[in-house]
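**Student:** This is the structure I have questions about; it appears just below.
Read-outs: derived from the displayed coordinates by stated rules, not from any lab. Here the structure is a predicted model, which is why all the values come from computation and not from measurement. Cβ atoms come from the backbone with ideal geometry, glycine included; neighbour counts cover every protein chain shown.
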Amino acid sequence: KNEVEQSPQNLTAQEGEFITINCSYSVGISALHWLQQHPGGGIVSLFMLSSGKKKHGRLIATINIQEKHSSLHITASHPRDSAVYICALPSGNQFYFGTGTSLTVIP
Amino acid sequence: DGGITQSPKYLFRKEGQNVTLSCEQNLNHDAMYWYRQDPGQGLRLIYYSQIVNDFQKGDIAEGYSVSREKKESFPLTVTSAQKNPTAFYLCASSVGGFTDTQYFGPGTRLTVL
């Protein structure tokens, strides 16, 4: 059983579309990270959130700790958003990672 | 410029040889981490260190060793005991522990021939 499930695994969107990526988990956590991995392999941390909602530019992340679910939304998607998006959960002295959602935005 | 660096970007080694991957940060972060990524799989934590001269095993520490003699540096040695060492290795750092934002290096792609 995976502690972290992301959906969808792959996503193709037209430029301008609204994107939602979901992360469900089974472990107890106090915070959750959303990461973005570019095709070259580099990883950037997008959000760290423990409750509610955070917004940064066209990116919005939400978390419901009670329901053990988080979502990452991208408004007005652009080809430069094409990347793998990963949710990561610290729990105690462990770190659980989703396998990622591969997003391709077509012009 | 502040940041975290890894070298080299690509590394090739013969089977049975130990190899050390470098990770340096000038962000003044206390915590540093090593991850491994295999194709189609999520990141997995190898080792982490929350303070100089101290480090803890992650999920897949077998066949790896680390040291943390300086705050800025957290080298990872892939030993000959690691059965499948070919992978993409990422180093990261954060101000404090796991709930702080992590800053990642560009990664080292290790291929064992």
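**Student:** Please average, across the residues of B:71-82, the number of beta carbons from any other chain that are within 10 Å of each residue's own beta carbon, and give a whole number. All intermediate terms of the calculation are to be shown ahead of the outcome.
**Tutor:** Working: counts 0, 0, 0, 0, 0, 0, 0, 0, 0, 0, 0, 0.
Counting other chains' Cβ atoms within 10 Å and averaging over B:71-82 gives 0.
**Student:** About the Cα centre of chain B, how large is the charge dipole given +1 on each Lys and Arg Cβ and -1 on each Asp and Glu Cβ? Please answer in debye to the nearest 20. The partial results should precede the final answer.
**Tutor:** On the way: 11 positive and 11 negative charges, 79 e Å.
Dipole of chain B, to the nearest 20 debye: 380 debye.
**Student:** Lysine pairs in the protein assembly as shown 8 or more apart or on different chains: how many have alpha carbons under 27 angstrom apart?
**Tutor:** 16
**Student:** Can you tell me the relative contact order of segment B:1-72? Whole percent, Cα pairs under 8 Å, sequence separation 6 or more. Let's see the in-between values first.
**Tutor:** Details: 103 pairs, mean separation 17.1, N = 72.
Averaging sequence separation for qualifying contacts and normalising by length gives 24 percent for segment B:1-72.
**Student:** Count, for each residue of B:96-103, the Cβ atoms from other chains sitting within 10 Å of its Cβ, then give me the mean as a whole number. Could you put the intermediate results ahead of the total?
**Tutor:** Numbers: counts 0, 2, 13, 8, 5, 6, 9, 3.
Shielding by partners across B:96-103 averages 6.
**Student:** Starting from the eigenvalues of the Cα gyration tensor, five times each then square-rooted, give me the equivalent ellipsoid semi-axes of chain B, largest first, whole Å. Walk me through the numbers on the way to the answer.
**Tutor:** Numbers: eigenvalues 97, 39, 36 Å².
Semi-axis lengths for chain B are 22, 14, 13 Å.
**Student:** Then there's this: If R₀ is 22 angstrom, what is the calculated FRET efficiency for the pair B:THR20 and B:LYS83, using the beta carbon separation as r and rounding to 0.05?
**Tutor:** Working: r = 18 Å, r/R0 = 0.84.
The pair B:THR20/B:LYS83 has a calculated efficiency of 0.75.
**Student:** Using a Förster distance of 25 angstrom, determine the FRET efficiency expected from the C-beta separation of B:SER7 and A:SER102, and round it to 0.05. Kindly include the intermediate steps, with their values, before the conclusion.
**Tutor:** Details: r = 28 Å, r/R0 = 1.11.
With a Förster radius of 25 Å, E is 0.35.
**Student:** So what are the ³J(HN,Hα) numbers for segment A:31-39, from phi and the Karplus equation (6.51, -1.76, 1.60; θ = phi - 60°), rounded to whole Hz, Gly and Pro as x?
**Tutor:** 7, 9, 10, 10, 10, 10, 10, 7, x
**Student:** Mind ordering A:66-77, B:30-41 by average Cβ neighbours within 10 Å, highest first? Could the numbers behind the result be given before it?
**Tutor:** Details: A:66-77: 16.3, B:30-41: 18.8.
Result, highest mean Cβ count within 10 Å first: B:30-41, A:66-77.
**Student:** Using the Kirkwood radius over C-alpha pairs as Rh, can you work out the diffusion coefficient of the protein assembly as shown via Stokes-Einstein at 37 °C, viscosity 0.692 mPa s, in µm² per second? Numbers along the way, then the final one.
**Tutor:** Values: Rh = 17.9 Å.
Reported coefficient: 183 µm²/s.
**Student:** Around B:SER49, under 15 Å between beta carbons, what's the net of Lys plus Arg minus Asp minus Glu among the other residues? Could you put the intermediate results ahead of the total?
**Tutor:** Values: positive: B:LYS57, B:ARG68, B:LYS70, B:LYS71; negative: B:GLU24, B:ASP30, B:ASP54, B:GLU69, B:GLU72, B:ASP100.
Around B:SER49, the charge tally is -2.
**Student:** With +1 assigned to the C-beta of every Lys and Arg and -1 to the C-beta of every Asp and Glu, and no other charges, what is the dipole magnitude of the protein assembly as shown about the Cα centre in debye, to the nearest 20? Each step should come with its number before you reach the end.
**Tutor:** Numbers: 18 positive and 17 negative charges, 32 e Å.
For the protein assembly as shown, the charge dipole is close to 160 debye.
**Student:** Full extension from B:ASP38 to B:GLU69: what is 0.36 nm times the residue separation minus their Cα-Cα distance, to one decimal in nm? Walk me through the numbers before you get to the answer.
**Tutor:** Numbers: separation 31, 0.36 × 31 = 11.16 nm, distance 2.84 nm.
Full extension of this stretch gives 8.3 nm more.
**Student:** Work out the length of the dipole vector of chain A about its Cα centre, built from +1 on the beta-carbon of each Lys and Arg and -1 on the beta-carbon of each Asp and Glu, and round it to the nearest 20 debye. Walk me through the numbers before you get to the answer.
**Tutor:** On the way: 7 positive and 6 negative charges, 50 e Å.
Computed about the Cα centre, the dipole is about 240 debye.
**Student:** Ok, one more. Which order, highest average first, do A:50-61, B:43-54, B:16-27 follow once you tally other Cβ atoms within 10 Å for each residue and take the mean per peptide? Can you show the working numbers first?
**Tutor:** Values: A:50-61: 13.6, B:43-54: 18.5, B:16-27: 16.2.
Put in order of decreasing packing, that is B:43-54, B:16-27, A:50-61.
**Student:** List residues of segment A:45-64, by number, whose backbone nitrogen lies under 18 Å from a label position 7 Å along Cα→C-beta of A:GLU17.
**Tutor:** Flagged as within label range: A:59-60.
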